[in-house]
Every structure is written in C-alpha cells, then in structure tokens.
Amino acid sequence: MEKTNFNKHPEVVIQNMQGYQGWENITTALLQQLRTLPGRKVICIDCYHGVFTREIEQAFAGMACITASFRSCDALLPENVLDEKVYPYVTDDPVFGYITSLQMADLFNKQAVKALQEKIKAIPEGIVLVYGTGASVITPAAELLVYADMPRWEIQLRFKRDEVANLGTSNYTAPFSYQYKRAFFVDWRVCDKHKAGQMQQWDYVLDTTIAGTPKMITGPAFRQALQQTNKGPFRVVPFFDPGPWGGQWLKESFDLERTVPNFAWGFDCVPEENSLLFRFDNLQFETPSLNLVFFQPAALLGDKVYEAFGPEFPIRFDFLDTMEGGNLSLQVHPLKAYIRDKFGMAYTQDESYYFLQAKEGAFVYLGLKEKVVPEKMLQALETAQEEGGEFDADEYVEKWTVKQHDHVLIPAGTVHCSGANSVVLEISATPYIFTFKLWDWGRMGLDGKPRPISLEHGKNSIQWDRTTNWTRKNIINHIEPIAAGDGWKEERTGLHKESFIETRRHWFTKTVTHHTNGSVNVLNLVQGREAIVESPTGAFAPFVVHYAETFIVPAAIDTYTIRPWGEGAGTECATVKAYVRPENLIDYRIN
C-alpha cells in the first residue's frame, strides 16, 4: 500500500496575525487592556457547553486586580426545574428528542440574574470577572467580551470520560447516549443561537479544545480568518470513531491509531461537529466549523440556499468502513412530515452510498423484495427484538452486489444496509442522527450493551412499495452522461429526485471547469492520488487535495477548475460533487 497523503490536520493559513497561548499570556493581555480604564471594569468570558470553566477560575485566582468574580452557573435555574423545562425536548425516547425552541436566557433564574447584576453594580472600582456558559446574559455590556469555544466532537469525548455534564446539570456519569441526546436537542441548539447572535461583538476568542493549553486571538482577527476562509476552497478537520461493525481500511489507508480495534466512521465533512484549523503566525487555532456558517452564511451557502435553510450547512459527507468488518444495522430514515412532526427537524436524511472501495462480493441491502407482506416482516422484526432470535433479512430485503464507484441512492423511507467489505462515501442531507435501526444482527455495542432499536419509528417510515423492480429502476447506479470535453467527462449520479441534493461525477485527465451556480459545493477526490483546485482569475491560492479528501467550495467563488497534480499527474482522476438543487427550494429552516 502506498504511504498515505491524506491530510488529517488541514489548516487555513492566516498571515500577519498573531495570538496568545497559555493562561499567563492570555490573562496578562486581557488585564492590560482594562487597567487603564477608570472605575469598575467587567471581563465577561462567555463559554460554549463543555468548556472547563475551572481552568478560567484557576487562571484568575489570587490576582489582586480582580475585585470580584462570579459564575454564570450560579444564576441558572435549579437542576430539577431545568430538567422539567427541557423534558418536552429531551423526551423519554432512548435516542431521539425534539429540537428545542429555548433561548439561553430561558435557562436562567431571572431573580438570580438580577441579584448578580446588583452585586456587580455595587462594586465601585477594579476588575470584575464573570464567566461560564451564558455569562453575557448577566453582563450584556461588559467592557471586554471574550468567548471560549468548544467543538462538539471534543464535548462528546469529554462526556465519555465523565469530565462534563449537560448544561446546568451534574449528570457527569449519566449514560453517554442520554448526554448526547440532551446536548443535540437542547444544549448545543441553545448555545449555537446564543453565540451566533454575538459573534460580531466578541473582543477576543478562546480556543479551549486542548485541556490546559488555551489559545486566544482578537475578535477582529477571528472574523478576518472566517472571511478569508470563505474566499477559497477549504477542508474541515476529520475525526474517526470505532463501531461494532467497523473495518480496517480507514485505519490502514489514513494511518490512524493502531491500538483502536477498528474505525467504523470517518467524519470528513460534518460542519456541526468538525472543526476548522487556522494557522496564525505563532500558533494553530481550532474553532468549530459551524462558526463559518453563522458568520457569513450567504457567502458560504449561496443566497437561495441560505434563504431556504437559514444558517445551517445542509450537506454531509462521511465514510462508513466495513472492510474486514460487519454489516451496518438494517435501517430506514424518516419521511419529511414525520421528522418535522416528531422531532422538530425541517428536512430529512435523504442520502446515498458511493462505493469508494469494494472487495469482490461486496453488497448492499436496498429496498424490499417483491410481494413482501408488511405484517409478516414487522412481526419477524418484533420477535427477533423481543425474544433474542434471528431476523432473516434475506427473506425480506433485496441484496445487491456492488463494486468500486457504484452509487446507490437512498431516499428517506427506503430500507437499507451497507454490507461487509466495502468503504462507503456517504453523501446525505445533514440531519444525521435520525437513523431508525430495524435489526442489528443480534450484536452488542462497543460498550457491551444492546444497541437501541427504533422499530416503532421505523414502522411509520418504511415505504412498502420500494421493492426490487422499483429499486433497480430508480436508485441503483442511476447514472446519466451530462457533458464532455478535452480530457474530461461529467455524469449525473443522483441523488433521487425527492432529495434537494444533486451529485455529479467528473472523470478527468486534464483541466475541468466547475461552476458553483449559487450553491455551496462539497467534493471528494474519489480517484487519483492528488489534484489541484485553482481559480481562473487568481481569486484564491491554488488548493491541493489528495485521494479521499472532502473539500468545500463556498458559493461566493463562482468558478473554479480541477486538474491532476503532483503524484496524480498523468493519471485519470475523479471527483464526486454535491450541491443544492436551486429548483423547488422551500423553507427548510429549523425554528
């Protein structure tokens, strides 16, 4: 196997900008700015969920210039009251909740906030520190507003290590599944709305991803970095996770940690959970990639896409590795009306499987067999779940042999499951946790516990008319030639007409021109060692991509070219591109 050139830590280089690293340098910079001001001065350090606020507390502890310090968590609603308030969104469902409409201020006790504000007002001189999640609710007019941010992926790791709890709670040792669900449907939604509304006012921004190693840049430098990112192609930071069905290809091909038994998922473009890495002159700065969506959504997404979705990135690319592993769970995704009514999501998870790699005999379960009796299949699934028996998937679900570069489409409501010995590039709409498992082959999760089955939700989502003939005609390798030129050809490969995502594949040995046509483009180099993305007008610096890397081209770029490059020169390369179809867009905004 060739040595991997997959870049696991892609950076956006921001020149002529410096930052601060370490609490001593950070506190010194903040305090120096305030010491020259007369009277009482307030530093507000607002925090995303999951930030270790004890580090902030310890960094300022004992400083003579700090007259008083206050924690925002002391003004939150009592835990039992907060639990009751969020229950309609968390629900009793073991996996799913309902997207909250709560705002940050709704989580605070108004009397407690007022009491803290009165205490701060009564302090005549010196520097007052207010810190924690939602701190700016208490001090909306602080002399310095600092935001300490945290990527969702790191929060999940902290959940698993019992290092953080849900917002306003002490549930450090609660099951990860509950913590994640509550964060997904409540905590992160509240924090995202809160920070999106104040990004333009940040004086400084903290990267607190690595415990004990904080980094800080000025608010103007942060906003300039986001603005620069939107002017050219970029990648987000991928992350990888093991699973009960995981394979070995990602580990070997991308040189991942060898002590991990497998890697099931590779998240290479999930802006809700991925990060951006900025390379300033003297430090590397990590920030959630959603910040780019919040900061300049129209430039990134395109005017029509932004109008339809709001500040939400609608396309998701990830890897599913079953090479030398097992089958995924047999599953189905909800229809649009169901996901909106039951979970508060404005659109559903239409998706597709692009087979990046496939051994001989690799397969996918897709669609039902002809003349399946729904009652019989559901009874068999219930019996397998309740009595611990087997479900004979081959009796009810069609099984298709697949090979490398096949593309199968999976509109919501279609029963499906990728089989062993393949690597899937999954291209889907963003609501990525709404997978209703129907059958999981009787296996346990990596925690030794049964993986939750969502048969009740699945019953309401299966489209029983999507049988063998329909599947063959509509969603198996539905590939159409579109255009060709000197050294290139373009094909339409999906997605299904019911989805808002279009995908195009380009094969090329020479330069091929792309147009964003007003929509953000997401691409993956599915064949070829290396290629280069360029601007015909020099609007951005040349951008090199490697095999299997996913990259994003903002809508504002308009025109760009791709050609084989470096180790890929002289070979045929291929990209798969996804974008939002401009026709028939409706309002997909959440809340």
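Annotations
- Positive minus negative residues near VAL372 (Lys, Arg vs Asp, Glu; Cβ under 13 Å): -3
- Added length on full extension, which subtracts the Cα-Cα distance from 0.36 nm per residue, ALA569 to ARG472: 31.3 nm
- Note on segment 388-514: Kirkwood radius taken over Cα pairs, Stokes-Einstein applied at 37 °C and 0.692 mPa s, translational D equal to 190 µm² s⁻¹.
- Accessible area per residue for segment 89-166, computed on protein heavy atoms with a 1.4 Å probe, is 40 Å².
- Considering only GLY344, PRO94, GLY302, the residue lying farthest towards the positive end of the dipole of the chain is GLY302, judged by Cα position with unit charges set on Cβ.
- Ordering THR430, SER454, GLY487 by Cα displacement along the dipole of segment 401-490 toward the positive end leaves SER454 in first place; charges were set at the Cβ atoms of Lys, Arg (+1) and Asp, Glu (-1).
- The distance linking segment 209-274 with segment 447-491 is 27 Å (Cα centroid to Cα centroid, whole angstrom).
- Taking segment 9-112 and dividing mean pair separation by its residue count, relative contact order in percent (alpha carbons under 8 Å, at least six apart): 21 percent
- Karplus-derived 3J(HN,Hα) values for segment 160-173, using 6.51 cos²θ - 1.76 cosθ + 1.60 with θ = phi - 60°, are 5, 8, 6, 9, 9, 10, 5, 4, x, 10, 10, 8, 4, 9 Hz; glycine and proline are entered as x.
- For q = 0.09, 0.17 Å⁻¹, Debye-computed log10 I/I(0) when each Cα of segment 313-447 counts as one equal scatterer: -0.27, -0.99
- Solvent-free Debye calculation, one equal scatterer per alpha-carbon of segment 175-273: log10 I(q)/I(0) at 0.11, 0.12, 0.19 Å⁻¹ equals -0.54, -0.64, -1.21.
- If you take all other residues with their beta carbon under 13 Å from the beta carbon of VAL81, and give Lys and Arg +1 and Asp and Glu -1, the sum is -2.
- Length, then width, then depth: along the principal axes, the Cα atoms of segment 57-206 run 51, 30, 30 Å.
- Residues GLN15 and ARG54, FRET efficiency given R0 of 25 Å [Cβ-Cβ distance, rounded to 0.05]: 0.10
- Net charge over other residues, Cβ less than 9 angstrom from the Cβ of ASP207 (K, R count +1; D, E count -1): -1
- Computed from the C-alpha gyration tensor, the three semi-axes of the ellipsoid equivalent to the chain are 42, 30, 20 Å, from longest to shortest.
- Karplus 3J(HN,Hα) series, Hz, for segment 445-455 with 6.51 cos²θ - 1.76 cosθ + 1.60 (x for Gly, Pro): x, 5, 7, x, 10, x, 6, x, 9, 10, 5
- Computed 3J(HN,Hα) for segment 124-129, one whole-Hz value per residue from the Karplus formula 6.51 cos²θ - 1.76 cosθ + 1.60 where θ = phi - 60°, is x, 9, x, 10, 10, 10, glycine and proline marked x.
- Cα-based convex hull, segment 489-591, per residue volume (Å³, whole number): 110 Å³
- Contact order relative to length of the chain, as percent, for alpha carbon pairs under 8 angstrom and 6 or more apart: 14 percent
- Relative packing of 431-440, 224-233, which averages over residues the other C-beta atoms within 10 Å, highest first: 431-440, 224-233
- The modelled label-to-label distance between THR513 and LYS110, using points 7 Å beyond Cα along the C-beta direction, is 6.1 nm.
- In segment 117-226, trypsin sites (Lys or Arg not before Pro) in a DSSP loop with at most 13 other beta-carbon atoms within 10 Å: ARG161
- q = 0.24 Å⁻¹, segment 136-219: log10 I(q)/I(0) [Debye, one scatterer per Cα]: -1.21
- Mean sequence separation of contacting Cα pairs (under 8 Å, at least six apart), scaled by the length of segment 72-145, corresponds to a relative contact order of 40 percent.
- Expressed as a whole percent, the accessible surface of the chain that belongs to carbon and sulfur atoms is 49, based on a 1.4 Å probe.
- Helix-only arithmetic for the chain: the sum of -39500 (n - 2.57) across DSSP H runs with n ≥ 4, divided by the residue total, places the mean residue ellipticity at 222 nm at -6500 deg cm²/dmol.
- Remark on segment 268-344: hydrodynamic radius 15.6 angstrom, per the Kirkwood mean of 1/r across alpha carbon pairs.
- Rounded to the nearest angstrom and listed largest first, the equivalent-ellipsoid semi-axes of segment 215-328 from its Cα gyration tensor are 31, 19, 9.
- In segment 1-107, GluC sites (Glu not before Pro) in a DSSP loop with at most 12 other beta-carbon atoms within 10 Å: GLU2
- When you count the other C-beta atoms within 10 angstrom of each residue and take the mean per peptide, 302-312, 415-425 line up highest first as 415-425, 302-312.
- Residues in segment 40-85 average 46 Å² of solvent-accessible surface per residue, probe 1.4 Å, ligands and nucleic acids excluded.
- R0 of 22 Å, Cβ-Cβ distance ALA29-GLN227: FRET efficiency to nearest 0.05: 0.45
The values are calculated or read from the model by the stated rules, or taken from the named source; none is laboratory data. Not measured: the values here are computed from a predicted model. Don't worry about glycine lacking a Cβ; one is built from the backbone with ideal geometry, like all the others, and counts go over all protein chains shown. Areas reflect the complete protein model, heavy atoms only, side chains present, ligands, DNA and RNA absent. Shrake-Rupley method; radii C 1.70, N 1.55, O 1.52, S 1.80 Å.
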